[in-house]
Structures are given as structure tokens and as C-alpha cells.
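Written below as C-alpha cells is the structure these notes are about.
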Amino acid sequence: MSLTRRIVTAVFMVLAIALQSSVMTRWNLPGAVPDLLLVMVAAFAMRQLPAHGAMLGFLSGLLMDVTPPAEGLIGLSAFTLTIVGYAAATFRADFNRSVFGPLLYCGAAGALVVLVHALLGGLLGDPTISVSRTPWLMLTSGVYCTLLATIVIPLVRALLVFLMPAPTAVLRR
């Protein structure tokens, strides 16, 4: 991965974390808070190798876990976003063939992340976990992630193509 791509990815992950912790949490939508960071990790990971996608998810999740207002267990977001990044990068070839694949992936990932948070948080005694609300939070998180993906994924793809176009053949004389 080039230095330019790493810098662009890092800048957008920090922006996503800032928006997630300051703007998205203030929206009074029913159910879950829209997970912009999850969608951004998936969108960038769909253009990388699985190891890079996992690393991106881990670092973004860890930074989100320690960003105020930090709620819940530190490391839980890092764990779940590592899986999201790895899976998105693993199936990137399939996502490039389909328009709806990345959207469905983000929706399913949003729902499964809520479930993993509830299961692990419940096992580890996280006081912010409400098992009775988990199905509702899974549904709304899946819907919100799918809707966010319709905007974020095309923008990330366009940005990466604009900043780092495919190499062209060198003309020889």
C-alpha cells in the first residue's frame, strides 16, 4: 500500500471517528446510532488486502474505543472492526462484481457487530449492554449501515480512483 493511500485512509478514519463521536451520537434516531466508522472501514478495506483491512479495522476500532465519550469495554470495537475489515478485504473481488454486495455486507456487518457487542459485553459484564434491546438495535443498525453505505462506498471509490489512478504504460520511443 502506498504512502499516499495510507495517509488518505488515516485522515478519513480520524474524520469518521470525529463525526461518529460528536455528530452521529447526537442524532435522535430510533434504535442504534448510525455506525459511520464501520462503513468507512468496510469501504476502505474493500480496496485492500485482508491483512491491511484487518489492521485498518483494529487501529480504527481501538482509536474509537479510547475517544471520549468512551463507553463500554476498551477493545470491543477494535475486535469487531478487525473482523469487519478483514472480511471486507477478503471478499473484495466479489464486491467489485456487484452493486448491491457491498451495501448488503455493510448492513449485515452493522447488525452482527451489535450482536457481538451484546454477547461479549454481556459475558464480560459491560453495564451498557441491554440484551432485551439487542434485536431492535441489530435491525436499526443494519438499516442505518446500509443507508450510509449507499453514500460512503461510492465516494470512497471515487476518491481512491481520483487520488491514485491505475498505472499507465510508459511509452517508449
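The values are calculated or read from the model by the stated rules, or taken from the named source; none is laboratory data. Treat the numbers as computed from the prediction; the structure is a model and nothing was measured. Neighbour counts run over all protein chains shown; Cβ positions are idealised from the backbone, glycine included. Side chains included, ligands, DNA and RNA excluded: accessible areas come from the protein's heavy atoms. Shrake-Rupley method; radii C 1.70, N 1.55, O 1.52, S 1.80 Å.
A few points about this structure:
- Region 1-49: C-alpha gyration tensor shape, a/c 1.5 cut-off, then a/b vs b/c: oblate
- Charge dipole magnitude, Cβ of K and R +1, D and E -1 - region 15-141, Cα centre, debye nearest 20: 280 debye
- FRET efficiency for Ser132 and Val33, using Cβ-Cβ distance with R0 set to 25 Å, rounded to 0.05: 0.90
- Taking all C-alpha pairs of region 13-171, those more than 24 Å from each other amount to 30 percent.
- Dividing the mean sequence gap of close Cα pairs (under 8 Å, 6+ apart) by how many residues the chain holds gives a relative contact order of 24 percent.
- Per residue, the accessible area of the chain comes to 57 Å², computed with a 1.4 Å probe over protein heavy atoms only.
- Arg26-Leu115 pseudo-label distance in nm [points 7 Å out on the Cα-to-Cβ vector]: 3.4 nm
- Stretch in the chain that is longest and holds no chymotrypsin sites (Phe, Trp or Tyr not before Pro) that DSSP places in a loop and that have at most 13 other beta carbons within 10 Å: 101-173
- At least 18 Å along the helix axis (C-alpha) and Kyte average at least -1.0, DSSP helices within the chain: 3-22, 50-66, 76-90, 101-123, 134-163
- Simple spin-label estimate for Phe100 and Leu124 in nanometres, 7 Å along Cα-Cβ: 3.6 nm
- With the simple spin-label model, which puts each label point 7 Å out from Cα in the Cβ direction, the Leu19 to Ala158 separation comes to 1.3 nm.
- Region 16-68-region 112-129 distance, computed between alpha-carbon centres (Å): 17 Å
- Note on the chain: with neighbouring protein chains present and a 1.4 Å probe, carbon and sulfur make up 73 percent of its accessible heavy-atom surface.
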